[in-house]
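Peer 1: Structure below; questions to follow.
Quick note: the coordinates plus some simple rules give every number you see, no bench work behind them. Just so it is clear, the structure is predicted and the values come from calculations on it, not from any experiment. Here the Cβ positions follow ideal geometry from the backbone for every residue, glycine too, while neighbour counts run over all protein chains shown.
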Amino acid sequence: MADEQSTPIGLPLEDAGLTKADPANAPKTHGRSRLLLIPLFLVTLFSGAVIGMYFQPPGLRVFFNTTGLEPGAGTDTPIAVAIQQVATQEQVAVISEGDVVALGRIIPRGDVISVATPSGAGDARIAELLVSIGDEVEAGDTLAVLDNLAQLQSAVASAEAALRVREASLTQTRASNTASRAEAQASLDRAQATSDVAQSELDRVTTLLERGVTTRAAFDQTVAAATQSARDVERAQATLSRYETGSEVVQADIAVAEANLDAARSALSSAKQDLDRAYVRAPERGKVLDINVRPGERPGTAGIINLGDTSQMTVEAEVYQTMIGRVTIGDPVVVNADALAQDLTGTVTAIGLEIGRQSITSDDPAANTDARVVDVIVTLDSASSPVAAAFTNLEAVVRIDAGRTP
């Protein structure tokens, strides 16, 4: 009976979990499934990171804004920072491994010119401004008038009057020499006639003396008169010679008068040059970008007017000295700034020969402001130059495709 009870009845019944399982016969697939979850988790984590870096969904942005973290802040060479979000020169230098990227500023061809007052204007103030911001001017156009104009105009009028006096003096000297010569010629003619009469009288008295008709005293008197007449002729000839053309006396008088005339002309020329100090003129063709003074003000060191040739815009980029060797003339360039509706394009046209301290810095207070850089000039193409004409001195990010010609 006991054996019958211990022997299970072979009925087709399902195991309801009441019987104890044999460990030797348990399945071994659970451990393997857990191991397969590890690479699946890693792949999922990596894919999520890539998707988050690429799409940057709003939730991820909220997380970064809440925690104060910044994308790419944990490495010195971030790869997930957009160029237009670059804040420091260090990020600019390493943001693109194939390109040379630097900060720059948009400037007119030849940079902005600060037009100052003329040399020697002294304490003159602005009397009148003849241009407005945005006006196109040509070289030599008058931009402003200073308040010393009346004083300088008076000096010109005085110089012109002095010149007329010297011209009249020269005319008077020449006329005086002509009159004196005519007078000397008349005196010579008179003395010559008197001498001829005295010589004839001497000849007659000599004949009479030989005949014994006249006295010795009369003869001596006639000889003295003839001699005096001859000396008067010589004196008249000497006087006339002073006024002959080419004589030292005449030349000296006229030379003095001509020298005085030249001095008056020089004074007038100097006064006219000084008159030009009352006008502020454009040194070259360009557009008026800014006006730094108002009428009645004394111009400062910043100049009166900022002028630039906006017909051709350029970009001045400051490239780190460690990267300048990769830049060559003709490299294509892309310029980007938040204020621009589109990227600007151009080519490298000039590379500086001197290494200096950077002058274009970002808003980051921790940025390196003592970096050594080389100035690179980028000339914008015909499509980008008009777009940049309204953004003089705008800070921009310059990306140079080093080693590739457009």
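Peer 1: Using a cut-off of under 14 Å, list every residue of the range 140-171 whose amide N is near the label point 7 Å from the Cα of Arg125 along the Cα-to-beta-carbon line.
Peer 2: 146-149
Peer 1: Assuming a ≥ b ≥ c are the square roots of the Cα gyration tensor eigenvalues, decide whether the range 118-173 counts as rounded (a/c under 1.5), prolate (otherwise, with a/b larger than b/c) or oblate.
Peer 2: Details: a/c = 4.25, a/b = 2.55, b/c = 1.67.
Taking the square roots of the gyration eigenvalues as a ≥ b ≥ c, the range 118-173 is prolate.
Peer 1: Roughly what would the spin-label model give for Asp276 and Arg372, points 7 Å off Cα along C-beta, in nm?
Peer 2: For the pair Asp276/Arg372, the computed spacing is 4.4 nm.
Peer 1: Another question, if that's okay. Which residues' amide hydrogens lie under 5 Å from the amide hydrogen of Asn148, considering only partners 5 or more residues apart or on another chain, with H built in the peptide plane?
Peer 2: The answer is Arg125.
Peer 1: For each of Ser311, Ser200, count neighbouring Cβ atoms within 10 Å of the residue's Cβ, then give the residues from fewest to most.
Peer 2: Numbers: Ser311 14, Ser200 11.
In increasing order of surrounding Cβ atoms, one gets Ser200, Ser311.
Peer 1: May I pose another question? Given a Förster distance of 25 angstrom, what is the FRET efficiency for Glu183 paired with Asp262, based on the Cβ-Cβ distance and rounded to 0.05?
Peer 2: Details: r = 29 Å, r/R0 = 1.18.
The pair Glu183/Asp262 has a calculated efficiency of 0.25.
Peer 1: Oh, and also: Give me the distance in nm between label points sitting 7 Å out from Cα along the Cα-to-Cβ direction at Ala116 and Phe63, one decimal.
Peer 2: Between Ala116 and Phe63, the simple spin-label model gives 5.9 nm.
Peer 1: How do Leu275, Leu307 line up, fewest other C-beta atoms within 10 Å first? Please list the in-between numbers first.
Peer 2: On the way: Leu275 18, Leu307 26.
Going from sparsest to densest Cβ surroundings: Leu275, Leu307.
Peer 1: Residues of the range 183-208 with backbone nitrogen within less than 17 Å of a virtual label 7 Å along the Cα-to-Cβ line of Ala238, please, listed as ranges.
Peer 2: 184-185, 187-189, 191-192
Peer 1: Give a residue-ordered list of calculated ³J(HN,Hα) values for the range 320-337 (Karplus: 6.51 cos²θ - 1.76 cosθ + 1.60, θ = phi - 60°; whole Hz; x for Gly, Pro).
Peer 2: Going residue by residue, I get 4, 4, 6, 10, 5, x, 8, 9, 9, 4, x, 5, x, 9, 10, 10, 9, 8 Hz, with x marking Gly and Pro.
Peer 1: Also, quick follow-up: Ranking Thr314, Thr194, Thr178 by Cβ neighbours within 10 Å, fewest first, what do you get? Could the numbers behind the result be given before it?
Peer 2: On the way: Thr314 23, Thr194 18, Thr178 12.
Least crowded to most crowded, the residues run Thr178, Thr194, Thr314.
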